[in-house]
1. Tell me, what HN-Hα J-couplings in whole Hz come from the Karplus equation 6.51 cos²θ - 1.76 cosθ + 1.60 at θ = phi - 60° for each residue of the stretch 102-109, using x for Gly and Pro?
2. Can you list the residues, at least 5 places off or on another chain, whose amide H is less than 5 Å from the amide H of Asp118, using H built in the peptide plane?
3. Taking amide H atoms as placed 1.01 Å from N in the peptide plane, list the residues 5 or more away in sequence, or in a different chain, whose amide H sits under 5 Å from that of Leu106.
4. Provide the gained length on full extension for the span Ser186 to Ser148, in nm with one decimal, where the gain is 0.36 nm per separating residue minus the Cα-Cα distance.
5. Hey, for a label at Leu173 modelled as a point 7 Å past Cα toward Cβ, could you say which residues of the stretch 129-152 have their backbone N under 16 Å away?
6. Students often check this: by mean Cβ neighbours within 10 Å, which of 349-355, 120-126 ranks highest, and how do the rest follow?
7. Rounded to the nearest 0.05, what FRET efficiency is calculated for Asp19 and Glu230 with R0 set to 56 Å and r the Cβ-Cβ distance?
8. Taking H placed 1.01 Å from N in the peptide plane, check which residues at least 5 places from Thr211 or on another chain put their amide H under 5 Å from its amide H.
Amino acid sequence: MGLWDKFKGELIDIIEWLDSSRNTLVYRFERYNNEIKYGAKLVVREGQAAVFVNEGRVADVFEPGTYTLETQNLPILGTLKGWKYGFNSPFKAEVYFVSTQQFTDLKWGTKNPVMLRDAEFGPIRVRAYGTYAMRIDSPEDFLKELVSTNARFQVEDITDQTRNIIVSRFTDLLGESKIPILDLASNYDELGDFLTDRIAPDFIAFGLGLTKLLVENISLPPEVEKTLDERSSMGILGNLNQYTQFQAAKAMEAAAKNPGGGASDGMGMGMGFAMAQQMANAMNPQNQAPQAPQAAPAPSAHDEPPPLPGAVSYYAGINGQKAGPFNAQQMQAQIHSGAITPETLVWKKGMSDWQPANQVADLKNLFEDVPPPLPPKF
């Protein structure tokens, strides 16, 4: 500092701090050579405290108000200086203004997932984040523990430490609580209040007070959330048979509104309904009952193309009714399914009457690889 700074310091006799920032915790009032006039005015505003420091030792602390700096207002500093009978000349001391207002909307969150053991899902990882508010409750302790000789100390200089304390205590609390993952959302307020009480001693050691802590979210890994959503979807569906019928009804309604859709739309609707019904049966074992083998339905003239020239077609008497015509490949399938047995009466063009299948020369060899019927149970 030059001569002008010294001269300006001699003229200034008001010590105050006007702060327009929202993140300054401590500000050291700058004076030329740290000299303060006898009788100078000290102005401490609401949300502030002024701390006088002499040779590295905290002396007097002033709360909000206006003070005339005289011997009676500086008892500790006067003792340190040895002012037995007062003083009339400038004296040296460092003045720190400390903001005692609340600092809100400070963020905290887990950097890495927290491993937990959940009663329903087993080992699982969660992340959490939220906000908290704090203020300086003991300016003297705060200066001693954190500020030291810094001319300006801001919120960013302490939030890493406070955030680490919160995350550490939160992780420990979450593991001890044994709250099921799906019930955590209903306990955010309780967790925040309990955590505030548990962390308070750690903050007090620095001269700080934790006024509020909020848990905003506790989340699962994306892949686990996706699986949980799928599980929830199945629960919402409820009765799968009813859901299948509902979907089929919607499909038919859509088809009715679009009569020009053609056969392919109807075929697609039919296939979708069949697949849905099959899924419903697979998911509900009660709907599945053992059924006796049934004769394959006779192909309709609309379902099968006409037989090739020269191909042999047979009719068969199945369950007392005429079924057919069947070509050689279809006859083999009917025989293997058990619908046509060696004693089943068959007929083809050119035969005078119906005959047992095992007496027709073209069909005898088809029964050779068919196993005999199971013996009766005793």
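1. Result, ordered by residue: 6, 10, 10, 6, 7, 9, 9, x Hz.
2. Placed amide hydrogens put Ile124 under 5 Å from Asp118.
3. Tyr132
4. Working: separation 38, 0.36 × 38 = 13.68 nm, distance 4.32 nm.
Computed gain between Ser186 and Ser148 is 9.4 nm.
5. Counting only backbone N, you get 129-134.
6. Numbers: 349-355: 9.7, 120-126: 12.9.
In decreasing order of mean packing, 349-355, 120-126 become 120-126, 349-355.
7. Working: r = 54 Å, r/R0 = 0.96.
So, using R0 = 56 Å, E works out to roughly 0.55.
8. Amide H neighbours of Thr211: Ala133, Met134, Arg135.
Every read-out reported here was derived from the displayed coordinates using simple, explicitly stated rules and does not represent laboratory data. Quick caveat: nothing in here was measured; it's all calculated off a predicted structure. Heads up, the Cβs are rebuilt from the backbone with ideal geometry, glycines too, and the neighbour counts pull from every protein chain shown.
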